[in-house]
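Below: one structure, written as structure tokens.
The values are calculated or read from the model by the stated rules, or taken from the named source; none is laboratory data. On a predicted model such as this, the values are computed, not experimentally measured, just so you know. Because the Cβ atoms are built from the backbone with ideal geometry, glycine has one as well, and the counts that use them run over all protein chains shown.
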Amino acid sequence: MVGVMTLPPCYRTILILLASLLLASCTLLPRSPGATPVPPLAVETAPGGTLIMTLGARDPQTLDPALVGDVTSAFVVRQLFSGLVRLSPGLEPEPDLAEAWELGPDGRTYTFRLRPEARFADGTPVTADDVRYSLERAADPRLAPSLPARTYLGDIVGVREKIAGQAESIAGVQVLDERTLTITIDSPKSYFLAKLAHPTSFVVDRRAVEQGGPRWTERPNGSGPFTIERWEHDRLLVLARNPAYYRQPARLDRVRMLIGVAASNPQVLYEEGEIDITSVPPYALARVRDANNPLSRELLRVPQLSLFYIGMNVRLPPFDDPKVREAFSLLLDRQKIADLSLQGAAQPAAGILPPGMPGYDPELPLPGPDAARARALLAESRYGGVAGLPPIVAYGGWSTALRDVAERDLGLTIEVRTYEDFGAFLDALSTNTLPMFSSGWIADYPDPENFLDVLFRTDSGENHFAYSNPEVDSLLDRAAVEADETTRQALYREAERRILADAPLIPLYHDVEYMLVKPYVRGLELTPMGILDLATVELAR
């Protein structure tokens, strides 16, 4: 899902909170996509206490599971709601609201059995009808102009017809009894269960939604480990333990999430003891990593399954010419960005898939900056060189660095604009109207389909490049249903190479998070996708 805002990239981790609560030890993340093991507690501790963190400059974009499209919203929503399945610390699908499931002989029909103790926060049982209602609501075109369900539920038979307004219900979702339902997908796909763990599939209480009106998410009756106790918009969000949670109740009493002015400069807040965890900005990294600094003993390095990039709309001039796109991809020094601009808090990106992701291709060469070749490509394009290019407007983040290099090396002027409101930026992306933009993608589930298919398939709702290549679509179709994993990864690698040859984006880097964690914060399960829930966290002061 989208993982950056139009602020300087050194602050992106404060906003996305992928891994903002970590174990209190200085260690390296194990081989991806495994999880960091939770160390045993050294002392007797009792549940309770309040964890304090920063959430970002503004409220989450949404707390409606059906509309989640960014990682900050997803992080909070995962604390409030649950789905049929969830991802384990090892990023494998495991039962959540469903106690078990069976896959039919056709490889397409899943039968889910809900656990009898599944409850909403008010104690009402969660039923198969609640699951059906939630899935159909997520695919209702009246909910929003652009629906995440198109991406995350589109494998279910009938979802696309529902989104298009051609059906009242989803044909592939059938309720058998109060605790049993079936979900049928269009073809056997190995990643479907992991995809079902995304917030779009989470179950909401129909009464809370329909009686609460447009602001029902102010006090949602979810089934997650926490509920909302207090919300001062753009200032503070307080979550409290949900006593009706069907798993072991959360050990924390509360989680205080500072927002806006109160969340300014979290590095200082951490060092002054005002918050319990923080992401380290690149400017502070050298000082914090110094072995003579006591903070170094509270530091954790966490590689992420992510990609940050500059995108180009292949339908808009001048990026409708592949030679122009290739030329722009040769301007930035990706190694220098990772080493100098980000102080080592990133790995330069040769391709799209991050290290640790199945299908990652270590043989892809890292392009170096080549202004002479870029100038030659522009001359070969239909625009005939720099002088023939139309005015170029780029949005946010690393567009500023590209502007500076283009002016220095090519004498080319790029106008850089920003969106003050992240939601407005997401809306603009969804309309495919931005000619050039700086953005990022954080894995929703550890499968190459989540990057290559979701971002680059012709009809994908997350394809903000307006990119279309029938040969790539064919490779993605074959990979989606391929049963042999070796063959499947080879298909994805070939698709990735063809996408890179078409150059709809400039891959920049894969994120490496450096986090500070107070020694008394214990029990978190950390994955290369960040923290999935806070239910096991406790404070051992």
Do you know which residues across the range 442-455 are touching a residue at least 60 places away in the same chain (Cβ under 8 Å) and under 19 Å from Asp502 (Cα atoms)? Pro448, Glu449, Phe451, Leu452, Val454, Leu455
Could you list, in sequence order, the residues of the range 103-126 that are crowded, with 16+ Cβ neighbours inside 10 Å and either within 19 Å of Gly158 (Cα to Cα) or touching a Leu at 6+ places or on another chain (Cβ under 7 Å) (or both)? Arg108, Thr109, Tyr110, Thr111, Phe112, Leu114, Arg115, Ala118, Val126
Hey, Gln347 within 24 Å of Glu449 (Cα to Cα) and modelled with pLDDT under 95 or not: no
What about Glu471, is it assigned by TED's automatic domain parsing to the domain that holds Ala394, of a type in the set (D, E, K, R) and without any contact (Cβ under 8 Å) to a residue 60 or more places away in the chain? yes
Tell me which of these Leu91 doesn't satisfy, since it passes every other one: (1) of a type in the set (A, V, I, L, M); (2) part of a loop (DSSP other than H, G, I, E, B); (3) over 25 Å from Glu485 (Cβ atoms). (3)
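From Gly83, Gly48, Gly34, which residue is part of a loop (DSSP other than H, G, I, E, B), at pLDDT 95 or above and farther than 24 Å from Val261 by Cβ? Reasoning before the result, please.
Working: Gly48 fails: at pLDDT 95 or above; Gly34 fails: at pLDDT 95 or above.
Going through Gly83, Gly48, Gly34 in turn, the sole match is Gly83.
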Could you say which residue among Asp339, Asp404 is over 26 Å from Met1 (Cα atoms), in the same structural domain as Ala501 (by TED's automatic domain parsing), not in a strand (DSSP E or B) and not hydrophobic (A, V, I, L, M, F, W, C)? Asp404
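Any residue in the range 123-135 that is in a loop (DSSP other than H, G, I, E, B) and acidic (Asp, Glu)?
Restricting attention to the range 123-135, the residues satisfying the condition of being in a loop (DSSP other than H, G, I, E, B) are 123-124, 126-127.
In the following step, the residues that additionally are acidic (Asp, Glu) were identified as none.
The answer is no, given that none of the residues of the range 123-135 is in a loop (DSSP other than H, G, I, E, B) and acidic (Asp, Glu).
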So the check is Cβ under 7 Å with 6+ separation or different chains; which pairs have a first residue in the range 140-161 that's crowded, with 17+ Cβ neighbours inside 10 Å and a second one that's polar (S, T, N, Q) and in a loop (DSSP other than H, G, I, E, B)? Thr151/Ser460
If you take the residues in the range 474-494 that are polar (S, T, N, Q) and either without any contact (Cβ under 8 Å) to a residue 24 or more places away in the chain or surrounded by fewer than 16 Cβ atoms within 10 Å (Cβ to Cβ) (or both), which one is nearest to Ser439 (Cα to Cα)? Ser474
Among what's in the range 340-368 and is surrounded by fewer than 16 Cβ atoms within 10 Å (Cβ to Cβ) and more than 24 Å from the chain's Cα centre (by Cα), pick the residue that is farthest from Gln489 (Cα to Cα). Leu340
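From the list Arg417, Arg408, which one is closer than 20 Å to Leu505 by Cβ, free of Cβ contacts under 8 Å to residues at least 60 places away in the same chain and either among the hydrophobic types (A, V, I, L, M, F, W, C) or surrounded by fewer than 18 Cβ atoms within 10 Å (Cβ to Cβ) (or both)? So that I can check it myself, show each step before the final result.
Details: Arg408 fails: closer than 20 Å to Leu505 by Cβ.
Exactly one of Arg417, Arg408 is closer than 20 Å to Leu505 by Cβ, free of Cβ contacts under 8 Å to residues at least 60 places away in the same chain and either among the hydrophobic types (A, V, I, L, M, F, W, C) or surrounded by fewer than 18 Cβ atoms within 10 Å (Cβ to Cβ) (or both), namely Arg417.
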If I ask for residues that are polar (S, T, N, Q) and assigned to a loop (DSSP other than H, G, I, E, B), which ones from the range 52-73 would you list? Gln61, Thr62
